[in-house]
Amino acid sequence: MAENRLPAPAGRLLTRKFFARSVHEVAPDLIGATLLVDGVGGIITEVEAYHHTEPAAHSFNGPTPRNMVMFGPPGFLYVYRSYGIHWCMNFVCEKEGSASAVLIRAIEPTHGIPAMRRHRGLHDERMLCSGPGKLCEAMGVSDKHNALPLDAPPIAIYARLRKPEIVSGIRIGITKAVELPWRYGLKSSKFLSKPFR
């Protein structure tokens, strides 16, 4: 199909080693990287960091069947269902047992846009991936992707070629640790879940 013939992004492929660092280093470093799942995806424009020491993290109260992948080694995908409706994807970071992760909140679609439009039933590119649940639906990500390595098919993450201008602010849609400024985004991007103040 023509939608799958786009060239791969120019950056180098990220390996699991990239994620074996502080979640607060990895999160902003992902802004501008390109995320593809089965060749569908785009440029990461917005993320949030979650650390096991704060109550908004799923790992705060210890391991459960749902969050077990967070307690494993870095560089794996953690997929969970939000509000019983939407799938959300996270990249596990730090050393094994740290249980910290980066939530992918928004991307700018660049690859597989026709497939994204079919999955979402929308045409407007700005709305296809403007939230964590929306981007998972657009990219076809679900619990079947949980615990997959981030450096092997069907997942590919390409490093950004240059550091973009990044903004930060408080995280969205949580009720605990709301004061922490651990949301990062691509400055002036039209492809965000919500503008930064």
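Remarks
- Residue match in the stretch 110-120 (condition: outside any helix (DSSP H, G or I), under 19 Å from Ile31 (Cβ atoms) and modelled with pLDDT of 95 or more): yes
- Residues that are of a type in the set (Asp, Glu), touching a Ser or Thr at 6+ places or on another chain (Cβ under 9 Å) and within 23 Å of Lys194 (Cα to Cα) number at least 1 in the following strands (runs of 3 or more DSSP E) confined to the stretch 1-90: 40-50.
- Considering Ala147, Ala115, the condition of being out of contact with any Lys or Arg (no Cβ under 9 Å at 6 or more places or on another chain), surrounded by fewer than 18 Cβ atoms within 10 Å (Cβ to Cβ) and of a type in the set (A, V, I, L, M) is satisfied by Ala147 alone.
- Checking each residue in the stretch 141-158 for being touching a helix residue (DSSP H, G or I) at 6+ places or on another chain (Cβ under 6 Å) and either charged (D, E, K, R) or over 24 Å from Ile174 (Cβ atoms) (or both) picks out only Asp151.
- The requirement of being more than 21 Å from Pro164 (Cβ to Cβ), out of contact with any His (no Cβ under 6 Å at 6 or more places or on another chain) and at pLDDT 90 or above is fulfilled nowhere in the stretch 21-36; no residue meets it.
- Residues (in a loop (DSSP other than H, G, I, E, B) and either under 15 Å from the mean Cα position of the chain (by Cα) or of a type in the set (Lys, Arg) (or both)) located in the stretch 138-153: Gly140, Val141, Ser142, Asn146, Ala147, Leu148, Leu150, Asp151
- Here His119 meets each of (1) over 14 Å from Lys134 (Cβ atoms); (2) without any contact (Cβ under 8 Å) to a residue 60 or more places away in the chain; (3) not hydrophobic (A, V, I, L, M, F, W, C) with one exception, condition (1).
- Residues satisfying the stated conditions in the stretch 41-82, i.e. surrounded by fewer than 23 Cβ atoms within 10 Å (Cβ to Cβ), charged (D, E, K, R) and within 29 Å of Ala115 (Cβ to Cβ): Arg66, Arg81
- Residue within the stretch 63-73 that is of a type outside the set (Gly, Ala, Ser), closer than 23 Å to Leu186 by Cβ and modelled with pLDDT of 95 or more present: no
- His123 vs. criteria over 24 Å from Tyr184 (Cβ atoms) and surrounded by fewer than 18 Cβ atoms within 10 Å (Cβ to Cβ): yes
- Contacts under 9 angstrom Cβ, first residue in the stretch 171-189 being farther than 14 Å from Val23 by Cβ and in a loop (DSSP other than H, G, I, E, B), partner at pLDDT below 90 and acidic (Asp, Glu), 6 or more apart: Lys176/Glu54
- Residue in the stretch 151-167 that is nearest to Leu30 (Cα to Cα), counting only those that are in contact (Cβ under 8 Å) with a residue 60 or more places away in the chain and among the aliphatic types (A, V, I, L, M): Ala159
- Picking from residues in the stretch 168-190 that are within 18 Å of the chain's Cα centre (by Cα), farther than 14 Å from Leu30 by Cβ and at pLDDT 90 or above, the one that is surrounded by the most Cβ atoms within 10 Å (Cβ to Cβ) is Arg171.
The values are calculated or read from the model by the stated rules, or taken from the named source; none is laboratory data. Treat the numbers as computed from the prediction; the structure is a model and nothing was measured. Backbone-built Cβ (ideal geometry, glycine too); neighbour counts: all protein chains shown.
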